[in-house]
Structures are given as C-alpha cells and as structure tokens.
1. Under a Cβ-Cβ cut-off of 15 Å, what is the net charge of the residues other than Asn77 that fall near it, where Lys and Arg count +1 and Asp and Glu count -1?
2. Could you report the chain's accessible area per residue, 1.4 Å probe, as an integer in Å²?
3. So who's got an amide H within less than 5 Å of the one on Thr135, skipping anything under 5 residues away but keeping other chains? H placed 1.01 Å off N, in plane.
4. Once every DSSP H run of n ≥ 4 in the chain is given -39500 (n - 2.57) and the sum is divided by its residues, what mean residue ellipticity at 222 nm do you get, rounded to the nearest 500 deg cm²/dmol?
5. Using the Karplus curve 6.51 cos²θ - 1.76 cosθ + 1.60 with θ = phi - 60°, work out ³J(HN,Hα) for each residue of segment 40-48 in order, rounded to whole Hz, and write x for Gly and Pro.
6. Gap in Å between the Cα centre of segment 27-70 and the Cα centre of segment 89-167?
7. Looking at segment 1-68, what % of the alpha carbon pairs are farther apart than 20 Å?
8. Percent of alpha carbon pairs in segment 46-167 separated by more than 24 Å?
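The values are calculated or read from the model by the stated rules, or taken from the named source; none is laboratory data. Keep in mind the model is a prediction, meaning the values are calculated, not measured. Virtual Cβ from ideal backbone geometry, glycine too; neighbours counted across all protein chains shown. Just so you know, the surface numbers come from the protein's heavy atoms only, side chains and all, with ligands and any DNA or RNA stripped out. Shrake-Rupley method; radii C 1.70, N 1.55, O 1.52, S 1.80 Å.
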Amino acid sequence: MREAWLGGPVEGVDPWLQPAAHALLQAQADLQNAAKVLSVDQLWARPGGVASVAFHVLHVAGATDRLLTYARGEALNDAQRAFLSADKADAPRPASSLLAALGASLERALSQIRATKGDELLEPRTVGRDRLPSTVLGLIFHAAEHASRHAGQATTTAKWLASGQPR
C-alpha cells in the first residue's frame with residue numbers, strides 16, 4: 001500500500017496544508033487496517049492495560065473534530081463535550097461502526113482544510129476553557145500529528161492482538 005503523501009496533492013488543499021491532509025489520510029488508512037482485522041472483543045481489549053484499538057479510533061474522530069472547531073474560532077458544543085468521555089467508555093461495537101464515525105470526522109476535517117486559505121493560517125486561536133494560545137495552522141498541524149500518533153499506537157496494539165499472543 002502506498003503512503004498517502006506519495007499519492008500526490010490532495011485536491012483542493014492549499015500547498016501549505018498538504019502535509020496535514022496527507023497525515024490525516026494516512027492515519028485513517030492505518031486505523032482502518034488496524035481495526036478491520038479484529039473481532040469486537042479484540043477491538044475493545046486492553047492488553048497490558050494499554051488503550052484499546054477502539055479507543056484510538058474514536059479518540060481520533062473526536063479530537064480531530066474538537067481541534068478543528070478551535071481552528072474555526074468556535075467553542076465546543078455540548079455534543080463535543082459529551083464525546084470527550086464517550087471515547088473512553090463507549091459500549092463495544094464493531095469496527096464498521098467505529099470506522100464510519102472516523103470517516104465522517106475526517107471527511108469534515110478535510111472539507112475544512114480545503115476551505116482554509118493560506119492567509120488565514122497565522123490567525124490567532126484559543127484552545128479550551130483556559131483559552132490557551134494557538135493559530136489556525138497550529139491547530140490543523142496538531143490535529144494531524146495527534147491522529148498519526150494514535151494510529152501508530154492502534155497499529156501496534158492490533159498487531160499484538162492479531163498475533164494471538166497472550167494478553
């Protein structure tokens with residue numbers, strides 16, 4: 001499978017935001033590959049106490065949505081705040097359901113990235129209740145690298161679970 005960044009430019013994305021778009025697409029592919037080979041029990045398993053693959057999939061979906069809300073200069077809504085705890089304690093469900101939530105979140109993210117103009121990238125934004133300082137670019141970049149980190153963790157956990165090694 002070809003890495004997302006080797007697939008050429010993502011249509012409609014500003015050249016400065018191509019790396020973030022590629023990282024989100026790669027994270028999505030990696031999470032899909034990690035989750036689709038696991039049973040429901042394996043998806044939610046926490047071998048050695050690590051986060052489950054399901055957690056990583058849901059967390060990427062929710063965190064990306066939250067970070068890009070801040071990038072738009074908006075505050076989180078009640079549903080987003082509720083999702084903060086749901087990605088940790090959600091009831092077990094199959095990979096198809098988790099990946100549908102991830103796909104919807106990342107499609108919204110890519111739509112927002114396509115709509116972001118180069119002259120907006122350094123506009124100041126704030127994060128969270130404490131209104132910590134960032135920029136549009138900082139938030140988009142962080143969403144992408146955050147998704148990549150969780151995709152890597154999910155991939156490692158999925159490989160361990162699929163290997164049949166004891167938990």
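1. On the way: positive: Arg66, Arg72, Arg81, Arg108, Arg129; negative: Asp65, Glu74, Asp78.
Here the charged neighbours net out to +2.
2. On the way: 8890 Å² over 167 residues.
Accessible surface, normalised per residue, equals 53 Å².
3. Amide H neighbours of Thr135: Arg125.
4. Helices in the chain give a 222 nm mean residue ellipticity of -20500 deg cm²/dmol.
5. 4, 4, 5, 4, 9, 5, 10, x, x
6. Taking the Cα centre of segment 27-70 as reference, the centre of segment 89-167 is 10 Å away.
7. Above the 20 Å cut-off, segment 1-68 has 41 percent of its Cα pairs.
8. Across segment 46-167, Cα pairs with separations above 24 Å total 32 percent.
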